[in-house]
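A short worksheet on the structure shown next.
Read-outs: derived from the displayed coordinates by stated rules, not from any lab. The model shown is predicted, which means the values in this text are computed figures rather than measured ones. Methodologically, a virtual Cβ is constructed for each residue, glycine included, from the backbone with ideal geometry; neighbour enumeration extends over all protein chains shown.
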Amino acid sequence: MILVFTIKGNTILDINRIQIATNQAAHYLVQQIKDDGRFEYRLNMNPAVKVKEKYNILRHAGTIYALTLYYQRHPDPQVRSVLAKASQYLRDQPIYPLPDQNNLLAVWSEPEVNHSGNPLQVKLGGTGLGLVALLSMEKIQPGFTARSDLQKLGQFLVYMQKEDGSFYSKYIPSQGGRWDQWQSLYYPGEAALGLAMLYEQEQSQIWLNAAAKALAYLAQTREAQTNIPADHWALLATAQLLSLTNEKELPVSKELLINHAIQICETILTEQIRNPQQPNYNGGFSKQGKVTPTATRLEGLQAALMFLPANQEIRQRIQSAVPPGINFLLRAQVKEGNFLGAFPRAVDQIAADTPDAKKFNRRVTEVRIDYVQHALSALIQYLDIVED
C-alpha cells in the first residue's frame with residue numbers, strides 16, 4: 001500500500017517509498033553492466049522464454065542519462081563507476097565520423113551489435129541521445145569527452161536538419177547518405193534536447209537556433225491538429241530550452257512552444273486509465289497495462305510542469321494525473337528476488353482470446369534497460385518536483 005499525503009490541495013505520495021524505488025531501479029541497472037561497457041539489454045524473468053541477442057545504442061544512451069539524474073541526487077561511487085564504463089563504451093565504440101566528413105561525428109547503429117538485419121546507419125535519435133548522455137556525463141566528470149567531439153556531434157544534428165526545421169531521420173551510407181523515407185516520432189525531440197543541452201554548455205547560437213527551429217517545426221505542423229502524438233521528448237526538450245533562455249533571447253515564439261506543449265499534454269491526459277474495476281491498470285496510460293508508455297508520459301507531463309505558466313488550467317489536471325501514474329509504476333516494480341528493482345514490459349497478461357495475446361503474454365515478464373530507465377527518470381522527476 002502506498003501512503004498518500006495532501007499538500008496545498010495536491011496529492012503527494014510517500015516520498016520514502018519512492019526513494020526506495022529509485023534506489024532499487026538504479027541498482028538494478030548498475031548490476032546489468034558488462035565488462036565491455038554495454039548493459040545486459042534484455043532479459044525475461046520467465047526462464048522458459050528465450051530472448052534473441054540484440055542491442056540498441058539509443059537505449060544505452062538513455063540509460064546513461066537516467067543514471068546521471070540518479071547520481072546527481074545520490075553520488076554513489078558504484079553508480080559513478082558504471083556510468084564511466086557505459087559512457088566510455090558510447091564515446092569510444094559506436095561514435096566515429098561520416099565517410100569523408102571528419103568534421104561530423106555520429107552514433108552509429110552497427111549490424112554486428114544490434115543484430116537487426118538493417119544496414120550500417122546513423123539514427124538521428126541515436127546521435128541526439130548520445131549527445132544527451134555524454135553531456136550529462138560532463139556534469140559529473142567535466143572533460144570526459146573532448147569539447148571538439150561534442151561539437152562535432154552537434155554539427156551532425158545540424159547537418160541532418162532541413163531548412164524548415166524538420167530532420168532526415170537516418171543517415172545510411174549504402175542508400176546515399178541522408179535518408180527520409182521513414183520518419184520517427186521521437187527522433188526530432190531527442191535531437192532538440194541534445195542541441196539544447198549543448199547550448200547550455202557553450203552558449204553558441206547555432207545550437208540554440210537549431211533546437212528552437214526543430215521544436216517550432218513540430219509545433220507549427222501540429223498546430224491545427226486535434227489529437228497529436230504523446231511526444232514526451234519534445235516536452236523534455238522544450239523544458240530544457242525554456243530553462244536556458246528568456247523570451248527575448250528565444251529565436252521562436254514562446255507562446256507557440258507552450259501551446260504545442262499543452263496540445264501534447266491534452267493528448268496524454270485523455271489516455272490515462274481511471275477505472276477502479278481494473279486496479280492493476282489504474283493510473284497508467286496503457287489499456288494493455290504496459291509500463292513504459294506510462295513512464296514516458298509521466299516524464300513529459302512532469303517536464304511540462306517546469307514551464308507551463310501558473311495561470312494555465314491544465315497544470316492542475318497534470319498535478320492530479322501524476323500521482324496515480326507514479327503509483328502505477330510503484331505497483332509494477334519487481335519487489336524481490338534476482339530482478340529486484342526492475343520494471344517488466346506490462347503488469348499482467350491479457351485475455352487469451354485477445355488478438356496477439358500469445359505474443360504479448362510471452363513478453364509480459366520481459367525486462368529491458370529502457371523499461372527501467374524511463375521509470376527511473378519519471379520517479380526522479382517526481383522527487384525533484386515535490387522536494388522543490
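Is the C-alpha gyration tensor of region 32-184 telling us rounded, prolate or oblate? Criteria: a/c under 1.5 is rounded; beyond that, a/b larger than b/c is prolate, otherwise oblate.
It is oblate, given that a/c is not under 1.5 and a/b is not larger than b/c.
Assuming a ≥ b ≥ c are the square roots of the Cα gyration tensor eigenvalues, decide whether region 162-234 counts as rounded (a/c under 1.5), prolate (otherwise, with a/b larger than b/c) or oblate.
Working: a/c = 1.86, a/b = 1.03, b/c = 1.80.
Oblate shape, in that a/c is at least 1.5 and b/c is the bigger or equal ratio.
If I take all pairs of Cα atoms in region 176-294, what percentage of them are more than 16 Å from each other?
Values: 4508 of 7021 pairs.
Pairs farther apart than 16 Å: 64 percent.
Using alpha-carbon pairs under 8 Å, 6+ residues apart, how would you state the relative contact order of region 302-364 in percent?
Working: 36 pairs, mean separation 11.6, N = 63.
The normalised contact order for region 302-364 reaches 18 percent.
Restricting to Cα pairs below 8 Å that are 6+ residues apart, what does the relative contact order work out to for the chain? Please round to a whole percent. Intermediate results must be reported in sequence, preceding the final value.
Working: 652 pairs, mean separation 72.5, N = 388.
Relative contact order for the chain comes out at 19 percent.
Need one number: nm distance between label points at residue 248 and residue 74, each 7 Å from Cα along Cα→Cβ, rounded to one decimal.
About 4.4 nm separates the two model spin labels.
What dipole magnitude, in Debye to the nearest 20, does region 32-184 give about its Cα centre under +1 on Lys/Arg Cβ and -1 on Asp/Glu Cβ?
On the way: 18 positive and 14 negative charges, 77 e Å.
Around 360 debye, computed over region 32-184.
Using helices alone, I'd like the mean residue ellipticity at 222 nm for the chain: each DSSP H run of four-plus residues gives -39500 (n - 2.57), total over residue count, nearest 500. The partial results should precede the final answer.
Numbers: 14 runs with 208 residues, N = 388.
My calculation for the chain gives -17500 deg cm²/dmol from helical runs alone.
Among 353-362, 299-308, how do they line up by average Cβ neighbours within 10 Å per residue, starting with the highest?
Working: 353-362: 11.3, 299-308: 22.6.
Put in order of decreasing packing, that is 299-308, 353-362.
Using the Cβ atoms and a cut-off under 13 Å, what net charge is assigned to the surroundings of residue 182, where Lys and Arg are +1 and Asp and Glu are -1? Please report the intermediate quantities before stating the final value.
Values: positive: 123, 170, 178; negative: 180.
Its environment carries a net charge of +2.
How far apart, in nm, are the 7 Å Cα→Cβ label points at residue 225 and residue 163?
Inter-label distance under the simple model: 2.4 nm.
Could you order the peptides 14-23, 210-219 from most to least packed, using the average number of other C-beta atoms within 10 Å per residue?
210-219, 14-23
Given [x] 27; [y] 45; [z] 23 as candidate values of percent of Cα pairs over 35 Å apart, which corresponds to the one derived from the coordinates?
Label of the calculated value: [z].
Just to verify a number: FRET efficiency for residue 52 and residue 275, C-beta to C-beta distance, R0 = 41 Å, to 0.05?
On the way: r = 35 Å, r/R0 = 0.85.
The formula returns an efficiency of 0.75 here.
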